[in-house]
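Single-structure report; data block below.
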Amino acid sequence: MPLPIKEVLGILIDNLKIRNSVLPISKKVATKWAKKCNIAKGGETVIYTGLMYQIIPSITALVNTLEKMEGSFLLKFIKLGRFANKFINISKFLGRIDKKEVEQHNNTLCIIADLLKKAGVDFGYLYEDDLYVGALAYDLGADDIFNKHIEKVYKIFKKNNVKRVITTDPHTTNMLREIFSKRIPDFDIKVKSYLEVLVEKEIKPVKQLNEKVVIHDSCVYARHEGIIDEPRILLRNAGLETSEPHDSKEYTFCCGGPIESLFPGKAYHIGNKRIEQLEKAGKNFVVMCPVCYANLSRIANNKVKIEDIAHTLGKSYLTNQIE
């Protein structure tokens, strides 16, 4: 029995409408990383996560559950689950979240913030007002709910007098720069990825790594935002030799992650093909998107080393790297 796509999609979209995220997490969980790293609240320039790193463990848990349910009689209960989800958040019952994965992604955000501080950037964070950016809802074509949601996000920026946003992942960058700006007529906030900011500020390394890494370009960064040179500049300045796999830069190959919530089997097939391409260029992969990291890591299952570029850069540009 195949996955009931309509019901799974319905749960995700209902969550965005009712709880402001496709997979809701508490404000405490979402902002824990910023409190740990002593990020100031508010300001005209803010770091905006769009909750992409924070919800990845929930997506991983959901995908693992759906994979086990695929072909099972248990799938018939998902329709009932969607009905119940209108009244209570059933997302937390759809899989066990790995606390180590949560901590790892929190550390990634802390490292990004520390890199920006090292580069001399003055910024704050909106804490409880750091809403989910809505990327999955947009990808799934839920336009009515997505449009209402991004209006909420924009109003929060304006309420907090935000003029400049530094993003932490490709999907959030693209949502703000391309989609928000098209669908919100008066959108006037300047948006840059932290990778672009670090290059502009000419951040200097404190240690040369002298290793070889294989770059996996984010489809969204490379094809939609033109962020191709920045990660390579930062890695080379860190003393790393960068190796290009087949299908790289603007021709990069998808990790499969964007469809894993609805088609986990297809996502696995796509991701496995990408890993085969990357392995031909080396064994140490550097990725720059939490979705890419989650899907490729799940498929590779520790057979190769996969590292978020923030962690790689932290080992070179920071004196006290968070592990």
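Every number in this text was worked out from the coordinates using simple rules, so none of it is lab data. Worth saying up front: this structure is predicted, and the values here are computed from it rather than measured. Every residue, glycine among them, receives a Cβ derived from its backbone with ideal geometry; neighbour counts consider all protein chains shown.
Quick notes on this structure:
- Gyration tensor verdict on the range 205-317 (Cα atoms; rounded if a/c is under 1.5, prolate if a/b is larger than b/c, oblate otherwise): prolate
- The residues Glu103, Glu241, when put in order of fewest to most other Cβ atoms within 10 Å, stand as Glu241, Glu103.
- Share of pairwise Cα separations in the range 80-147, more than 15 Å, in percent: 76 percent
- At R0 = 25 Å, FRET efficiency that the Cβ-Cβ distance of Asn161 and Ser181 yields, to 0.05: 0.85
- When the trypsin sites (Lys or Arg not before Pro) in the range 151-229 are filtered for DSSP coil states and for at most 15 other beta-carbon atoms within 10 Å of their beta-carbon, the remaining sites are Lys163, Lys201, Lys207.
- Under 19 Å from Lys86, Cα to Cα: aspartates and glutamates that are on another chain or at least 8 residues apart: Glu7, Asp14, Asp144
- Free-standing Cys residues across the chain, given no other cysteine C-beta under 4.7 angstrom: Cys219, Cys254
- Selection of trypsin sites (Lys or Arg not before Pro), the range 261-323, meeting DSSP coil and at most 13 other Cβ within 10 Å: Lys280, Lys283, Lys303
- The calculated FRET efficiency for Glu128 paired with His246, based on their beta-carbon distance and R0 = 41 Å, is about 0.40.
- Column: log10 I(q)/I(0), Debye, Cα scatterers of the range 258-323, q = 0.13 Å⁻¹: -0.40
- By other beta-carbon atoms within 10 Å, ranking Val199, Val304 with the fewest at the front produces Val304, Val199.
- Nonlocal amide H pairs with Lys41, under 5 Å, H built at 1.01 Å: Tyr125
- Label separation (Ile259 vs Asn20): 3.2 nm, computed from points 7 Å beyond Cα along the C-beta direction.
- Partners for Lys32 among lysines (Cα-Cα distance below 19 Å; same-chain residues under 8 apart left out): Lys41, Lys92, Lys99, Lys100, Lys117
- Global geometry of the chain, whether rounded, prolate or oblate, following the gyration tensor of its Cα atoms and the 1.5 cut on a/c: oblate
- The ratio of the alpha-carbon radius of gyration of the range 112-164 to the globular-protein estimate 2.2 N^0.38 Å is 1.41.
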